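First comes the structure, then the notes that go with it.
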Amino acid sequence: MNAADLGYLGIFLLMVLENVVPPIPSEAIMGIGGIAVARGELDFVLLVLAGTAGTVVGNLFWWEIGRRLGYARLKPIFDRWDRWLTMDWQHVEALRRYFDRWGGPTVFLFRFMPIGRTMISLPAGLMHMPFWRFVGYTAAGSAVWNLLLVGLGYGLGVGIADIDAWVKPAVIATAVAIVACYLWRVITWKPRERR
């Protein structure tokens, strides 16, 4: 089965899933879609629109979880588990101030990062970023990212196995680096004094 067999609805659903379950790489989904465009099986613009719509819907899942939870409910969790979270409440307060000022551009820029582009939606919801502001920045960043991925797939014109051969090692290496950084932070964590 190739991208053309899935159609635009299939691409949309895969991109929703990619943003709800982050290990599924959008690079593979949209890159393979770009190959289908090069073969004349899909339309470039409709593919980018379907992928972007799926990205927005998938990110709304995490934004809504954050919005319902709300950052104020997190204080007891951070007071008790700060070492494992490698953050204390002062970090959360600093994050809130940052999001009040720079949240929109941050959401936009995170759309280009392989790790974190989905998870940025959770703090955006926690900090109660307005719905339309979140959707606007998510859609704009996702559209640019999807244009790049589809364009790359179109330009390369390589087989699915070739794309998979470079995407898998990159995803694994990034995941290992994130786990190593997290463990280092847990081991070296020194909480601030409670006020």
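If you check GLY70 against the conditions, is it under 23 Å from the mean Cα position of the chain (by Cα), on the phi > 0 side of the Ramachandran plot and either open to solvent by less than 50 Å² (accessible area, probe 1.4 Å) or not basic (Lys, Arg) (or both)? Against the criterion (under 23 Å from the mean Cα position of the chain (by Cα), on the phi > 0 side of the Ramachandran plot and either open to solvent by less than 50 Å² (accessible area, probe 1.4 Å) or not basic (Lys, Arg) (or both)), GLY70 qualifies. Across region 98-118, the number of residues qualifying as surrounded by fewer than 16 Cβ atoms within 10 Å (Cβ to Cβ) and among the hydrophobic types (A, V, I, L, M, F, W, C) comes to 5.
Of all residues in region 98-119, those satisfying the criterion of being at pLDDT 85 or above and of a type in the set (Val, Ile, Thr) are THR106, VAL107. Within region 56-67, the set of residues being open to solvent by less than 40 Å² (accessible area, probe 1.4 Å) and modelled with pLDDT under 95 comprises GLY58, ASN59, TRP63, GLY66.
Are there any pairs, at least 6 apart or on different chains, whose C-beta atoms fall under 9 Å, with the first in region 54-80 and under 18 Å from GLY116 (Cβ atoms) and the second part of a helix (DSSP H, G or I) and open to solvent by 70 Å² or more (accessible area, probe 1.4 Å), and if so, which? Close Cβ pairs (under 9 Å, with a partner that is part of a helix (DSSP H, G or I) and open to solvent by 70 Å² or more (accessible area, probe 1.4 Å)) amount to GLY58/LEU17; LEU60/PHE131; TRP63/PHE131. Contact map, region 87-101: residues that are free of Cβ contacts under 8 Å to residues at least 40 places away in the same chain and closer than 17 Å to ARG133 by Cα paired with residues that are assigned to a helix (DSSP H, G or I) and open to solvent by less than 60 Å² (accessible area, probe 1.4 Å), Cβ distance under 8 Å, separation 6+ or inter-chain. Pairs shown: ARG96/TYR71; TYR98/THR106; PHE99/THR106; PHE99/PRO123; PHE99/ALA124.
So that you can scan it fast, the table gives a plain yes or no per residue for (1) touching a helix residue (DSSP H, G or I) at 6+ places or on another chain (Cβ under 6 Å); (2) outside any helix (DSSP H, G or I); (3) modelled with pLDDT of 85 or more:
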site	(1), (2), (3)
GLY7	no, no, yes
LEU13	no, no, yes
ASN19	yes, no, yes
ILE24	yes, yes, no
GLU27	yes, no, no
VAL37	yes, no, yes
VAL45	no, no, yes
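Residues in region 38-52 that are crowded, with 19+ Cβ neighbours inside 10 Å and within 28 Å of ILE120 (Cβ to Cβ): LEU47, VAL48, ALA50, GLY51, THR52. Residue count for region 99-125 under the criterion of being part of a helix (DSSP H, G or I) and under 23 Å from LEU17 (Cβ atoms): the result is 8.
With the structure loaded, tell me whether LEU95 is within 15 Å of GLY66 (Cα to Cα), open to solvent by 10 Å² or more (accessible area, probe 1.4 Å) and at pLDDT 80 or above or whether it fails that test. Here the answer is no, as LEU95 does not meet what is asked.
The values are calculated or read from the model by the stated rules, or taken from the named source; none is laboratory data. Keep in mind the model is a prediction, meaning the values are calculated, not measured. Neighbour counts run over all protein chains shown; Cβ positions are idealised from the backbone, glycine included. The protein model used for the area step is the full one, side chains on, heavy atoms only, and it has no ligands, DNA or RNA in it. Shrake-Rupley method; radii C 1.70, N 1.55, O 1.52, S 1.80 Å.
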